[in-house]
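A quick write-up on the structure given underneath.
Every read-out reported here was derived from the displayed coordinates using simple, explicitly stated rules and does not represent laboratory data. Note that this is a predicted model, so its numbers are computed, not measured. As a convention, Cβ positions derive from the backbone with ideal geometry for all residues, glycine included, and neighbour counts pool all protein chains shown.
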Amino acid sequence: MSTLNSLKLVATKKPSHTPSIVLRRNKLSNKLWEQIQLANGQINGTPFTATKLRSFKDKESGLTKRIEMPKRIKPWWFNSEAGKMCLAVKYGSWTIELAKGKPSVEVANTRELVQALEVIKGAVEAGELDSQIETASASLRSGFKR
């Protein structure tokens with residue numbers, strides 16, 4: 001028992017479920033990580049390829065197999081009409097407004113793009129964009145109702 005005395009023991013249990021806003025935050029944070037890797041690959045000249053698992057049924061044996069396939073990642077940045085590089089954060093097919101009436105961030109080059117993505121990722125993980133994420137999620141869900 002003396003070895004356990006060196007640990008800080010608490011009477012807390014693991015929560016039974018994760019709140020939906022935390023799941024949405026994690027989803028957006030993962031997408032931002034992919035965009036950071038894509039931008040870093042563009043800076044270094046090395047392509048970034050994320051993979052996803054795809055299930056298909058083998059016609060010969062009838063068994064379901066899972067293989068890794070490359071995942072298509074579309075960049076969230078674009079060149080504006082003024083010739084500046086801009087970044088728009090997406091949640092599904094919806095663009096998130098970072099401030100009222102301002103859905104994109106203007107950056108000078110790809111290095112600033114990576115810095116902007118990291119700042120936005122930090123804001124998402126801190127919960128600063130929860131209301132915008134909730135709005136985009138509700139808009140996406142409403143498109144699936146009949």
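Close Cβ contacts (under 8 Å, 6 or more residues apart or on different chains) running from residues in the range 116-129 that are on the phi > 0 side of the Ramachandran plot to residues that are charged (D, E, K, R) comprise G127/R25.
Looking across the range 87-98, just one residue is in a loop (DSSP other than H, G, I, E, B), surrounded by 14 or more Cβ atoms within 10 Å (Cβ to Cβ) and of a type in the set (G, A, S), and that is G92. Residues that are assigned to a loop (DSSP other than H, G, I, E, B) and under 16 Å from the mean Cα position of the chain (by Cα) within the range 99-146 comprise G127, E128, L129, listed in sequence order. Residues of the range 15-30 include none that is in contact with a Lys or Arg (Cβ under 6 Å, 6 or more places away or on another chain) and either without any contact (Cβ under 8 Å) to a residue 24 or more places away in the chain or not polar (S, T, N, Q) (or both).
Could you check, for the range 84-93, whether at least one of its residues is free of Cβ contacts under 8 Å to residues at least 24 places away in the same chain and of a type outside the set (A, V, I, L, M, F, W, C)?
No, the range 84-93 contains no residue that is free of Cβ contacts under 8 Å to residues at least 24 places away in the same chain and of a type outside the set (A, V, I, L, M, F, W, C).
For beta carbons closer than 6 Å, sequence separation of 6+ or different chains, a first residue in the range 36-47 that is surrounded by fewer than 12 Cβ atoms within 10 Å (Cβ to Cβ) and a second that is in a helix (DSSP H, G or I), the qualifying pairs are P47/G41.
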